[in-house]
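Accompanying notes for the structure given below.
The values are calculated or read from the model by the stated rules, or taken from the named source; none is laboratory data. Because the structure is a prediction, the values reported are computed rather than measured. FYI the Cβ positions are ideal-geometry reconstructions off the backbone, even for glycines, and counts take in every protein chain you see. Side chains included, ligands, DNA and RNA excluded: accessible areas come from the protein's heavy atoms. Shrake-Rupley method; radii C 1.70, N 1.55, O 1.52, S 1.80 Å.
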Amino acid sequence: MHRKGLSQQEIFDQLQQYHEKDMEYVSGNILGSMCTCAHPIAKKVYCDFLDSNLGDPGLFKGTKQLEDEVIKNIGVLLGDDAVCGHVITGGTEANLMAIRAARNLARQNNSIDSGEIIVPKSAHFSFKKSADILGVQLKEASLDDEYKIDLNSVQEQISTKTVAVVGVAGTTELGKVDPIPELSNLCLDENIYLHIDAAFGGFIIPFLKEMGYDIPEFDFRLKGVSSITIDPHKMGLTPIPTGCILFREKKFLEVMSIETPYLTEKLQSTIVGTRSGASAAATWAIMNYMGFEGYLEIASRCMNTTDFLARKLRRAGFRLVSSPELNIVTFTSPKISVTELAQKLKQKGWVVSVSSYPVAIRIVVMPHISRAHILRFIEDLKNIHSS
Ligand SMILES: Cc1ncc(COP(=O)(O)O)c(C=O)c1O
C-alpha cells in the first residue's frame with residue numbers, strides 16, 4: 001500500500017490498463033462461458049445497493065423484502081409460490097446448501113453420521129466440493145445414450161446411507177435435462193431428498209416449455225423435488241455473483257440454522273455471514289423489468305442462434321455430439337483432435353471450452369453471441385480445416 005493515497009485519475013488510469021487485459025462478452029469471442037453481460041438496469045441497481053448487508057437483515061429491511069420477493073417470484077416460475085430460500089453467490093453455494101440441508105435432515109431422522117449422495121456423472125464439480133466440505137460420500141450414477149442420468153444406475157446405488165439424489169436440468173457440458181419426473185417418483189417411493197441443479201437451465205427451460213419445446217417437468221410441480229438451484233447470473237442477466245437456492249419447505253432451512261447472538265436476526269441458515277444485498281436488488285429489478293415476455297424473447301433468440309450454429313457446423317463437416325436440447329452445442333472434427341482444434345481457435349481469438357464427457361468443443365450460446373459472430377467463427381473453423 002502507498003503511504004499516501006494516489007489521485008483518482010492515477011487510480012483510474014492504472015485500472016484501465018488492467019481492464020484492457022480482460023476479454024469482453026460483446027466481442028463475441030467468449031464462446032464457452034455460462035455467464036454474459038449483465039443488463040444495464042441490473043448493473044445500476046447493483047451499484048445502488050452495494051452497502052446493504054443481508055447477513056444482518058434487520059438493518060436492511062427493504063433489501064430483505066426484495067430478497068423474499070425474488071425467491072417468491074422465482075418460486076412462481078418454478079411451480080410453487082410458497083417456497084423459501086436465499087439469493088446467494090451462485091450455483092456452487094446453492095448446491096452446497098442443498099446437500100447440507102439433506103445431510104442434516106438425514107442426521108436428524110436416521111442418525112446417519114456421514115451419508116452418501118448420488119449425482120449423475122454429468123453433475124457439476126460443485127458437488128465434489130460439497131461432498132468434501134460436508135463429509136458425505138459422492139456416488140456417480142452412469143448416463144444413458146443421450147448423456148442423461150440412468151435411472152437403473154441410481155436405483156442400484158441407493159442404500160440406507162443415501163441422503164440425497166441429484167438431478168440436473170441443463171448439464172454444464174452438454175445442456176441435457178435429466179428425466180426429473182422419473183427421479184421424482186423414485187425419490188418419493190424411496191423417501192429420499194431430491195435436489196435439482198437448474199443453475200443453468202432454470203432461466204431458460206420455463207420459457208422454452210412455454211414456446212412448445214418438448215422438455216419434461218423439472219421443478220416444484222413434481223412432488224418429489226425438495227430443492228432447486230437456479231442462477232440469475234447465467235441466463236437471468238444479473239451481475240455476478242447471483243445464485244438462488246429454493247426449498248419446498250421451511251424445515252430444510254431450519255435444519256441447518258445456527259444461532260447468531262449479536263445480529264438483528266436470531267438464526268442464520270446461509271453459509272456466508274455478511275452477504276451483499278446488491279444481487280437480490282438487481283435480480284428483483286431485472287425480473288420486473290424483463291417480465292416473462294422479455295426472458296421468452298432472450299430464450300427464443302438464443303435457441304435460434306443455437307440452431308443456426310448447429311446447422312452451419314453440420315454443413316461444414318463437423319460432427320455434433322447430439323442435437324442441442326438447450327443453448328449448448330458440442331462438436332468434434334473428423335480431421336483434427338479436439339485439443340488441437342481448441343488451440344487453433346484460440347490463436348484466432350476464440351475462447352471455446354472443452355467438455356470432458358465426451359471430449360468435444362463446447363459452445364454455450366449466451367445472449368451476447370449473435371449470428372454475425374457465428375458466421376465469423378464458422379469461417380475460421382473452415383480455414384483451420386483447409387490449412
Ligand atoms: C449445472 C451447474 N451447476 C452449478 C454450477 C456452479 O455455478 P457457479 O459457478 O455459479 O458457482 C454451474 C456452473 O457452470 C453449472 O453449470
Practice item. Once you have a ≥ b ≥ c as the square roots of the Cα gyration tensor eigenvalues for region 173-250, tell me rounded if a/c is under 1.5, and otherwise prolate or oblate according to whether a/b is larger than b/c. Key: oblate
Check your understanding: Taking all protein chains as present, what is the carbon and sulfur share of the accessible area of the chain, in % to the nearest whole number, probe 1.4 Å?
Key -> 50 percent
Exercise for review: Report the charge-dipole magnitude of region 272-320 in Debye, nearest 20, computed about the Cα centre from +1 at each Lys and Arg Cβ and -1 at each Asp and Glu Cβ.
Suggested key: 460 debye
Point to revise | region 238-387 - charge dipole about Cα centre, Lys and Arg +1 at Cβ, Asp and Glu -1, debye rounded to 20 | key: 780 debye
Study note, to complete from the structure: Probe 1.4 Å, heavy atoms of protein chains only: per residue, the accessible area of the chain in Å² is 46 Å²
Practice item. Provide, for q = 0.23, 0.27, 0.28 Å⁻¹, the log10 of I(q)/I(0) from a solvent-free Debye sum over equal Cα point scatterers in region 62-135. Key: -1.05, -1.14, -1.17
Exercise for review: Could you order peptides 50-63, 179-192 by the average number of other Cβ atoms within 10 Å of their residues, highest first?
Suggested key: 179-192, 50-63
Practice item. Would you list the membrane-span-like helices of the chain, meaning whole DSSP H runs whose alpha-carbon atoms span at least 18 Å along their axis and whose mean Kyte-Doolittle value is at least -0.5? Key: 61-77, 278-315, 371-386
Check your understanding: lysines near LYS148 by alpha-carbon distance under 19 Å, same-chain residues fewer than 8 away left out - which ones?
Key -> LYS121, LYS128, LYS139, LYS176, LYS209
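Rounded to two decimal places and with Rh computed the Kirkwood way over Cα pairs, what is Rg over Rh for region 41-288?
Rounded to two decimals, Rg/Rh equals 0.96.
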Practice item. Quick one: net charge around LEU134, please, counting Lys, Arg +1 and Asp, Glu -1 for every other residue with C-beta under 12 Å from its C-beta. Key: +2
Check your understanding: Among HIS233, HIS39, HIS124, which one shows the biggest mean-square fluctuation in a GNM of the chain, springs joining Cα atoms closer than 10 Å?
Key -> HIS39
Study note, to complete from the structure: Among PRO40, SER387, THR274, the residue whose Cα sits farthest towards the positive end of the charge dipole of the chain (+1 at Cβ of Lys and Arg, -1 at Cβ of Asp and Glu, taken about the Cα centre) is SER387
